[in-house]
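Engineer: Questions regarding the structure given below will be posed in turn.
The values are calculated or read from the model by the stated rules, or taken from the named source; none is laboratory data. In this text, all values refer to a predicted model and were calculated from it rather than measured experimentally. As a convention, Cβ positions derive from the backbone with ideal geometry for all residues, glycine included, and neighbour counts pool all protein chains shown.
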Amino acid sequence: MTSRPVPIARPATGFAFPVRVYWEDTDAGGIVFYANYLKFMERARTEWLRALGIGQHALKQDTGCMFVVTDTSLRYLQPARLDDELLVTAHLEQSGRASLTIGQQVLAGTDPTRTDSSTVLCEGRIRISWVNAETMKPARIPPTLLEALK
């Protein structure tokens, strides 16, 4: 029986989410394919919001708006490999009226008490914008949502 990883909220350093590298995440050499780090980061951001009581589907239904990724910047420092256990972090770096910049790291290991001393494999900044779900035009992020993220 396998258990689903449980998100780990870490108030001092943001949020951390454990991920294991599966065969489907790697290239022919058993190294994580570069684009899959974005998938790991997306999962961590989604689980971060869930841990704060914010469901993206409900948010869209209630407000008519949603977050979309508008910019990414990643730096690859060391490879992750097949079957590695990783910890993916997320924290709010910057907030504006219609966008947020989220800082993220992919760390070796899954011990949430050691994120300061863990090996950083990949780090990135992801900009997400709040848009009207129908028109895709920018909208103002609700103040209650901004407050929950801080």
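Results for (1) acidic (D, E); (2) surrounded by 15 or more Cβ atoms within 10 Å (Cβ to Cβ), shown as yes or no for each residue.
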position: K39; (1), (2): no, no
position: E47; (1), (2): yes, yes
position: L52; (1), (2): no, no
position: Q56; (1), (2): no, no
position: L77; (1), (2): no, no
position: I126; (1), (2): no, yes
position: W130; (1), (2): no, yes
position: L145; (1), (2): no, yes
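Engineer: Among the residues that make up the range 136-143, is at least one of them free of Cβ contacts under 8 Å to residues at least 12 places away in the same chain and under 21 Å from G14 (Cα atoms)?
Structural biologist: Yes: the range 136-143 contains one or more residues that are free of Cβ contacts under 8 Å to residues at least 12 places away in the same chain and under 21 Å from G14 (Cα atoms).
Engineer: When you look at S95, is it more than 15 Å from the chain's Cα centre (by Cα), crowded, with 17+ Cβ neighbours inside 10 Å and of a type outside the set (A, V, I, L, M), yes or no?
Structural biologist: It is false that S95 is more than 15 Å from the chain's Cα centre (by Cα), crowded, with 17+ Cβ neighbours inside 10 Å and of a type outside the set (A, V, I, L, M).
Engineer: Of everything in the range 1-26 that's part of a loop (DSSP other than H, G, I, E, B) and at pLDDT 95 or above, which residue is surrounded by the fewest Cβ atoms within 10 Å (Cβ to Cβ)?
Structural biologist: Here the residue is Y22.
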